[in-house]
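The values are calculated or read from the model by the stated rules, or taken from the named source; none is laboratory data. The shown structure was predicted, so the numbers you read here are calculated from the model rather than taken from an experiment. So basically every Cβ, Gly included, is an ideal-geometry build from the backbone, and we count neighbours across all protein chains shown. Calculation scope for accessible area: heavy atoms of the full protein, side chains included, ligands and nucleic acids excluded. Shrake-Rupley method; radii C 1.70, N 1.55, O 1.52, S 1.80 Å.
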Amino acid sequence: MIQLLRRMFKNKNNRNCQFKYKQLYFFGQNVAFCSNGNPSQQRKYPIIYKNFNGNIDIKDLLKKIEKVRKNVRKGIFPAECEGCHLIKEVDEADSLKIDFIQFSDYCLCNSRCIYCNSWRTSIVQEDGRVKSSVGISDSYNIIPIINILISKKLITQNTAIGFAGGEPTVYQYFEDALKLLLDFGIKQIKIYSNVIRYSEQIARGLNMGVVDLTVSVDAGTKEIHKKVKGVESYELIYENLKRYLQIAKNKSQIVSKYVIVPEINDLESEIEKWILKSKEIGVKKLEINLDDRVIENGYNSELMYKINTLNNYFVNKSKENNIDYDICANCLFARDYCENK
Ligand code: SF4
Ligand code: SF4
């Protein structure tokens with residue numbers, strides 16, 4: 001009996017989110033622990049601050065993080081995390097250390113991906129600059145936040161940093177923020193960009209071997225690319241991808257990605273053409289994912305099995321062509337769904 005109680009107690013204490021609440025995401029209006037969210041709750045994610053406007057109170061932030069971690073150690077998870085498939089038996093979080101900080105506080109974009117809302121309030125001007133159609137500037141300035149996080153050692157050279165969408169290269173503080181982080185000596189910076197606009201600081205970070213760049217191409221042909229991306233960017237992005245590949249210290253820092261959008265690009269033939277084109281220009285790593293809307297708005301078995309078949313096709317073709325590959329969260333969810341059915 002005592003042993004059974006001990007076992008129950010131990011299991012409860014050892015359960016944690018795979019990311020251990022060691023990540024911070026700065027979104028346009030909130031700060032959160034997670035970005036992908038809980039697939040069993042329409043991708044809800046645990047929020048630390050709502051209506052965040054860029055003014056950061058470090059003491060309060062640390063207090064809030066510690067409170068969540070303390071509860072998790074007792075087996076009490078934030079409501080948004082209940083039922084998340086990433087809660088597993090893992091070692092306890094060891095300290096207040098933050099492993100990863102992502103900045104996604106801007107929402108403007110110069111692409112029009114069918115699976116994304118970022119571009120819907122964006123106007124691309126003739127000079128290629130992007131402005132908001134609703135008169136709101138694209139969010140707060142992250143440079144003071146980076147400076148304060150560095151001064152309080154919440155960002156150290158070993159903290160991984162991320163920039164995601166909207167499109168980082170059209171965010172007004174992006175080049176300066178990236179320069180600051182590169183000058184500070186951050187060792188790993190992950191950037192999601194559509195590469196329609198070439199960035200000197202991204203090129204610099206690639207050359208230093210510090211930046212990992214992920215580009216969602218989403219198609220094997222120009223026609224399907226236009227259907228998914230909503231703009232004619234196929235040739236331009238391959239041109240910029242080649243420039244970045246030439247300058248990168250290590251070619252596997254650049255990842256070409258394919259987001260499966262049901263009824264548009266959920267085709268083996270497109271996936272194959274994308275893999276071959278990637279190989280042709282020297283891409284060494286590929287990723288596949290599934291449109292977030294499928295997880296948010298409901299899915300069925302038939303679709304999950306189809307996605308899993310495409311997952312397997314992608315894996316086999318990548319191996320056949322000797323390219324590294326990764327399956328991202330939503331596609332992994334489809335795989336788990338099929339395996340546990
Ligand atoms: S929603 Fe899932 S992945 Fe996100 S913090 Fe909660 S448990 Fe972790
Ligand atoms: S490039 Fe990124 S931010 Fe822009 S519309 Fe596509 S998914 Fe959204």
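Here the average projected area of the convex hull drawn through the C-alpha atoms of the range 13-89 stands at 4.8 nm².
Ranked by the mean number of other Cβ atoms within 10 Å per residue, highest first, peptides 214-226, 77-89 order as 214-226, 77-89.
Take every Cα pair under 8 Å in the range 293-341 that's 6+ residues apart, average their separations, divide by the length, and report that relative contact order as a whole percent. Result for the range 293-341 is 51 percent. Evaluated at q = 0.07 Å⁻¹, the base-10 log of the normalised Debye intensity for the chain, with identical point scatterers placed on the Cα atoms, takes the values -0.31. Across the range 177-245, the fraction of Cα-Cα pairs farther apart than 17 Å, rounded to a whole number, is 44%. Note on the chain: with charges restricted to the Cβ of Lys and Arg (+1) and Asp and Glu (-1), its dipole about the Cα centre is near 1340 debye.
Pairs of C-alpha atoms in the range 224-341 farther apart than 20 Å represent 44 percent of all such pairs. Label positions at residue 51 and residue 268, each projected 7 Å from the Cα along the C-beta direction, are separated by 5.4 nm.
As a calculated quantity, the FRET efficiency between residue 85 and residue 242 at R0 = 41 Å, using C-beta atoms, amounts to about 0.60. Contact order for the range 224-341, expressed relative to its length and based on alpha carbon pairs under 8 Å spaced 6+ residues apart, stands at 26 percent. Label-to-label distance for residue 281 and residue 114 is 2.1 nm, based on points extended 7 Å past Cα in the beta-carbon direction. Working from Cα pairs under 8 Å separated by at least six residues, relative contact order for the chain is 13 percent. Of interest is the spacing of the C-alpha centroids, which for the range 212-258 and the range 116-184 amounts to 21 Å. Note on residue 232 and residue 306: the extension gain reaches 23.8 nm, defined as 0.36 nm multiplied by sequence separation minus the Cα-Cα distance. Sorting the segments 228-241, 145-158 by their mean number of nearby beta carbons within 10 angstrom, highest to lowest, gives 228-241, 145-158.
At a probe radius of 1.4 angstrom, the accessible area of the chain per residue rounds to 50 square angstrom.
Protection proxy ranking for 246-254, 120-128, 37-45, using the average of other Cβ atoms within 10 Å per residue and placing the highest first: 37-45, 246-254, 120-128.
Here the extension length gained between residue 153 and residue 251 equals 32.2 nm, from 0.36 nm per residue of separation less the Cα-Cα distance. Here's the picture: a label point sits 7 Å out from the Cα of residue 324 along the beta-carbon direction, and within the range 226-266 the residues with their amide nitrogen under 17 Å of it are 245-258.
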